[in-house]
Amino acid sequence: MHGPPPRPGHPLVVVAVIEEARAFAHRVPTLVTGVGKVRAATATTWAAMAHRPGVILNLGTAGALRPGELAAGIVHEVGAVLQHDVNGRAIATLVGSDPSPRLELGDSGVVLATGDRFISSPQDRDALAEHAHLVDMEGYAVAASATRLGIPVRLAKTISDDAGHGAAMTWSQSLAAASGRLAAWLDQIL
């Protein structure tokens, strides 16, 4: 945990890596989960049960699945999140229910796809673009944890790359600017 100690009923900010939070972690309670769905779900659940926040705010970077459709340089609040690496329909056929249904979070219309694979090929990006606008590796896990615990959750993502060739380099180079944009968004809602 970074920043001031969390207080029950107050917001808890959740990020994957500290670089996403450099511009604000010193002033708001910030949980750094690590990369991937398992780390994000585990850390979020633990922190939520220990600190009982009034809302969980998952802030971070995301790849653009439809480059040019959503504006770069701003923060997009996510309206729905899905898992792109789980075949929920096939599992539902076996056990009777989808273990990872699409989660509706708001009315922004922006859909985030979450998976444990860093998307860096145009072919993978284009396939995911049929279902979502953005891609990350933690959003669904944070949202599912908060939802399961009955805690309101908001996801806000800023575009770091185009989820194509060179995405990893673009992502790492964009972190400082992304953190500043996320800090400005946070200032507007807190």
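The values are calculated or read from the model by the stated rules, or taken from the named source; none is laboratory data. In this text, all values refer to a predicted model and were calculated from it rather than measured experimentally. Cβ atoms come from the backbone with ideal geometry, glycine included; neighbour counts cover every protein chain shown. Each accessible area value is taken on the protein alone, full model and side chains, heavy atoms only, with ligands, DNA and RNA left out. Shrake-Rupley method; radii C 1.70, N 1.55, O 1.52, S 1.80 Å.
Go ahead and run the numbers for FRET between D98 and R52, Cβ-Cβ distance against an R0 of 30 Å, rounding to 0.05.
0.55
When the Kirkwood radius is taken over all Cα pairs of the chain, what Stokes-Einstein diffusion coefficient follows at 4 °C and 1.567 mPa s, in µm²/s?
79 µm²/s
Using only the Cα atoms of region 28-131, what are the Rg and Dmax in Å?
Both quantities, over Cα of region 28-131: 15.3, 44 Å.
Residue by residue through region 151-160, what is 3J(HN,Hα) from phi via Karplus (6.51 cos²θ - 1.76 cosθ + 1.60, θ = phi - 60°)? Round to whole Hz and write x for glycine and proline.
9, x, 9, 10, 10, 10, 10, 10, 6, 10
Where does the chain land at 222 nm, in deg cm²/dmol rounded to the nearest 500, when only DSSP H runs of n ≥ 4 count, each adding -39500 (n - 2.57), divided by all residues?
-10500 deg cm²/dmol, from helical runs alone.
Distance in nm between label sites at V17 and M1, each 7 Å beyond Cα in the beta-carbon direction?
For the pair V17/M1, the computed spacing is 2.5 nm.
Using alpha-carbon pairs under 8 Å, 6+ residues apart, how would you state the relative contact order of the chain in percent?
With pairs under 8 Å counted, the relative contact order is 29 percent.
When the accessible area of the chain is split by element with a 1.4 Å probe, what percent falls to carbon and sulfur?
56 percent
Give, as a single signed number, the net charge of other residues whose beta carbon lies under 12 Å from the beta carbon of A43, with Lys and Arg counted +1 and Asp and Glu -1. Each step should come with its number before you reach the end.
Numbers: positive: K37, R39; negative: E138.
With Lys, Arg at +1 and Asp, Glu at -1, the neighbours total +1.
Tell me which GluC sites (Glu not before Pro) from region 1-110 have a DSSP coil assignment and no more than 15 other beta carbons within 10 Å of their own. Display every interim value, and only then the final one.
On the way: sites: E19, E20, E69, E77, E104; in loops: E69.
Sites meeting the loop and neighbour criteria: E69.
From the backbone phi of region 117-131, what are the Karplus-calculated ³J(HN,Hα) couplings (6.51 cos²θ - 1.76 cosθ + 1.60, θ = phi - 60°) in whole Hz, Gly and Pro given as x?
Result, rounded to whole Hz: 10, 6, 7, 9, 10, x, 5, 5, 4, 5, 5, 5, 5, 5, 10.
Could you give the accessible area per residue of the chain, probe 1.4 Å, as a whole number in Å²? It would help to have the intermediate numbers written out before the result.
Working: 8820 Å² over 190 residues.
That works out to 46 Å² per residue.
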